[in-house]
Amino acid sequence: MKKIMNDPQNIVPEMVAGLVQAYPQYVERLPETEALVRHDKASMAGKVGVISGGGSGHEPTHAGFVGAGMLSAAVAGQVFTSPTPDQLYAAIKAADHGKGVFMVIKNYSGDVMNFDMAKDMADLDDIKVKSIVVDDDIAVENSTYTQGRRGVAGTIFMHKIIGAAADQGASLDELEALAKKVMPNIKTIAVALSGATVPEVGKPGFDLADDEIEYGVGIHGEPGYRKEKLQPSKALVTELLGRLKDEFKYQAGDHFAVLINGMGATPLMEQYVFTNDALNQLAADDINVDFTKVGNYMTSLDMAGISLTLFKLEDDAWLKGLQYPVDTIAWTQK
Amino acid sequence: MTLTLEDTLKWLHGFDATVTAQKAYLSELDTPIGDGDHGNNLARGAAAIEDALGKQEPADLTAALKTIAMALVSKVGGASGALYGTAFLEMAKASRETQEVADLLAAGLAGLQKRGGATTGEKTMIDVWAPVVAAAKAGNLTTQVIDDAVQATKPMKATKGRASYVGDNSIGHLDPGSVSSGYLFSEMLKAGVTA
Ligand SMILES: Nc1ncnc2c1ncn2[C@@H]1O[C@H](COP(=O)(O)OP(=O)(O)OP(=O)(O)O)[C@@H](O)[C@H]1O
Ligand SMILES: [Mg+2]
């Protein structure tokens, strides 16, 4: 393992400290926590707060999306481990400006339980809290006999849509209704070229041969659905898009937003090659792509690989939500 | 038998030492069917419990159980932090009414089930807690009961938690949370608490 760090046990607090020093105009650290709250307090006044959080190792998620038009606060847990309820509760308190707080939770048992406990704590303070559990990873069978689908890169679109609506004054109930409508329309699938190494563990979570790839891997290295020899970008797109097509049963003329997300160690050059192939294949299917984003948004430490997210734009307002102005460390647009 | 403050402290010191010593093994168990962090998570919890108990000697049993719960809740994270934290919090609450070991453990189990929504047979720590509580109620909790319950998770297929993602491939592996729960109850017996 080769990593730029000091003590692996302190990697999260040191990362948070670096982030805050670099971007004081965006984020402030809540005392004695790894919770970061938006610096621009005026932009939150009179609005529902939006918080998210999860294990670290997915940067710029989640703190990178704290700012006007997106998250009010974010909490960083240990690497690949959900944050603790007391810190989530601190974030809820900081994000509440009298209108309640909406939580965006990724569907992992740890995250769901810890956010749940934080909500219980907030209930005692009479802070109204509602939430959405994001479960966009179609690599997992959607069944009541499992934990259900995982939350992965599509979470970024949820942050964006909810953040934009909250900024425009949506109520807590309206945000909940919006999130529930949006969620089934966001789906993601990934391919990994190599595993991620958790600093405290020191070796990759899984191994792939030099010429081998794995489809369906999760953002913590959860095993995928098939391994095979490395394919050209076009073939990767055909496989991943094929899975998404089956899920959406999309038809010529449908409108979508696309997120192409690097897993951490895949150069942007390769991501753009993949993007070119993905957009070409979508165009060949007569799909209207109204919004595209490419880059490292929901990473998995040093994993090499890429994920493809499609968001079916059933409502015009959703596209407007994606296009709405935002000013955060990782996503800025006018 | 009733649980005393003294026994509780002895019990948790034993658990903390075992978890710390078995940190690598617990994370290793969590690797094929989870995300390889269970040992690291619990070792962080063990250090936090030692730290909290060392700072201030709890006044009574309820205070001790609450201190343990808060240390776990605020330092572990992950599924196991919420679960163990909730279990000890529920035991702390129940200890205001009863100090009977079986009743306290039953309150912990109820908390686990409320928090995680799992029942027996889903390859989670519930598969150790449930038989342990049953044996404690019947007054015949032994290390054999605990070990059998831990081993019984091996052939199970996980339907809750991270291990459910690997489906059939979870069969044949011990559940890490069940192994750590096994340590918890074995250390309880070692501390001289019988049930
Ligand atoms: N719903 C549940 N009910 C009871 N026990 C559970 C549940 N989900 C997970 N567990 C237990 O938690 C153990 C895993 O704990 P661990 O500390 O590794 O957390 P984790 O699942 O990795 O959390 P995270 O994904 O946030 O890192 C499992 O072995 C299992 O015994
Ligand atoms: Mg784990």
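The values are calculated or read from the model by the stated rules, or taken from the named source; none is laboratory data. If you're wondering where the values come from, they're calculated on a predicted model, not measured in any experiment. Ideal geometry is used to build each Cβ from the backbone, glycine not excepted, and the neighbour counts take in all protein chains shown. All accessible areas refer to the heavy atoms of the entire protein, side chains included, with ligands and DNA or RNA removed. Shrake-Rupley method; radii C 1.70, N 1.55, O 1.52, S 1.80 Å.
Tabulated results
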{"quantity": "Odd one out for A:ALA196 among (1) within 29 Å of A:LYS249 (Cα to Cα); (2) in contact with an Asp or Glu (Cβ under 9 Å, 6 or more places away or on another chain)", "calculated": "(1)"}
{"quantity": "Among (1) within 14 Å of another protein chain (Cβ to nearest Cβ); (2) free of Cβ contacts under 8 Å to residues at least 24 places away in the same chain, the one test that A:ALA139 misses", "calculated": "(2)"}
{"quantity": "Residue tally, condition among the aliphatic types (A, V, I, L, M) and either free of Cβ contacts under 8 Å to residues at least 60 places away in the same chain or surrounded by fewer than 19 Cβ atoms within 10 Å (Cβ to Cβ) (or both), over region A:184-212", "calculated": "3"}
{"quantity": "Residue in region A:235-253 that is closer than 23 Å to A:LEU319 by Cα, touching a residue at least 40 places away in the same chain (Cβ under 8 Å) and of a type in the set (Ser, Thr, Tyr) present", "calculated": "yes"}
{"quantity": "Filtered residues of region A:63-81 (kept if within 19 Å of A:PRO325 (Cα to Cα) and open to solvent by 10 Å² or more (accessible area, probe 1.4 Å))", "calculated": "A:ALA63, A:ALA68"}
{"quantity": "Close pairs (8 angstrom Cβ cut-off, 6 or more residues apart or separate chains): free of Cβ contacts under 8 Å to residues at least 24 places away in the same chain in region B:171-195, buried (at least 17 other Cβ atoms within 10 Å of the Cβ) and assigned to a helix (DSSP H, G or I) anywhere", "calculated": "none"}
{"quantity": "Condition check for A:GLU28: at pLDDT 95 or above and within 16 Å of ligand 1 (Cβ to nearest atom)", "calculated": "no"}
{"quantity": "Test set (1) outside any helix (DSSP H, G or I); (2) closer than 27 Å to B:MET70 by Cα; (3) in contact with a Phe, Trp or Tyr (Cβ under 8 Å, 6 or more places away or on another chain) - A:LEU88 fails condition number", "calculated": "(1)"}
{"quantity": "Region A:91-124, subset part of a helix (DSSP H, G or I) and away from chain B (no Cβ under 13 Å), residue nearest to ligand 1 (Cβ to nearest atom)", "calculated": "A:ALA91"}
{"quantity": "Residue identified as away from every other protein chain (no Cβ under 14 Å), surrounded by fewer than 20 Cβ atoms within 10 Å (Cβ to Cβ) and within 30 Å of A:ARG149 (Cα to Cα) among B:ALA152, B:ALA134", "calculated": "B:ALA152"}
{"quantity": "Candidates A:GLY169, A:GLY221, filtered to the one that is within 13 Å of chain B (Cβ to nearest Cβ), in contact (Cβ under 8 Å) with a residue 60 or more places away in the chain, of a type outside the set (A, V, I, L, M, F, W, C) and open to solvent by 10 Å² or more (accessible area, probe 1.4 Å)", "calculated": "A:GLY221"}
{"quantity": "Residue in region B:18-32 that is within 16 Å of the chain's Cα centre (by Cα), more than 16 Å from ligand 2 (Cβ to nearest atom), within 22 Å of A:ASN114 (Cα to Cα) and within 14 Å of chain A (Cβ to nearest Cβ) present", "calculated": "no"}
{"quantity": "Selection within region A:63-85 - away from ligand 1 (no atom under 13 Å from the Cβ), part of a loop (DSSP other than H, G, I, E, B) and farther than 12 Å from A:VAL37 by Cβ", "calculated": "A:GLY69, A:MET70"}
{"quantity": "Residue among A:THR81, A:THR146 that is without any contact (Cβ under 8 Å) to a residue 40 or more places away in the chain, closer than 29 Å to A:GLY264 by Cα and in contact with an Asp or Glu (Cβ under 8 Å, 6 or more places away or on another chain)", "calculated": "A:THR81"}
{"quantity": "Hits in region B:11-30 (condition: surrounded by 23 or more Cβ atoms within 10 Å (Cβ to Cβ) and within 12 Å of ligand 1 (Cβ to nearest atom))", "calculated": "B:VAL19, B:LEU26, B:SER27, B:ASP30"}
{"quantity": "Region A:294-306, residues that are over 23 Å from A:ASP246 (Cβ atoms) and not hydroxyl-bearing (Ser, Thr, Tyr)", "calculated": "A:VAL294, A:GLY295, A:ASN296, A:LEU301, A:ASP302, A:MET303, A:ALA304"}
{"quantity": "Scope region A:43-62; condition of a type in the set (S, T, N, Q) and in a strand (DSSP E or B); matching residues", "calculated": "A:SER52, A:SER56"}
{"quantity": "Criterion (assigned by TED's automatic domain parsing to the domain that holds A:TYR23 and either more than 16 Å from ligand 2 (Cβ to nearest atom) or out of contact with any strand residue (DSSP E or B) (no Cβ under 7 Å at 6 or more places or on another chain) (or both)) met by exactly one of A:VAL101, A:VAL79", "calculated": "A:VAL101"}
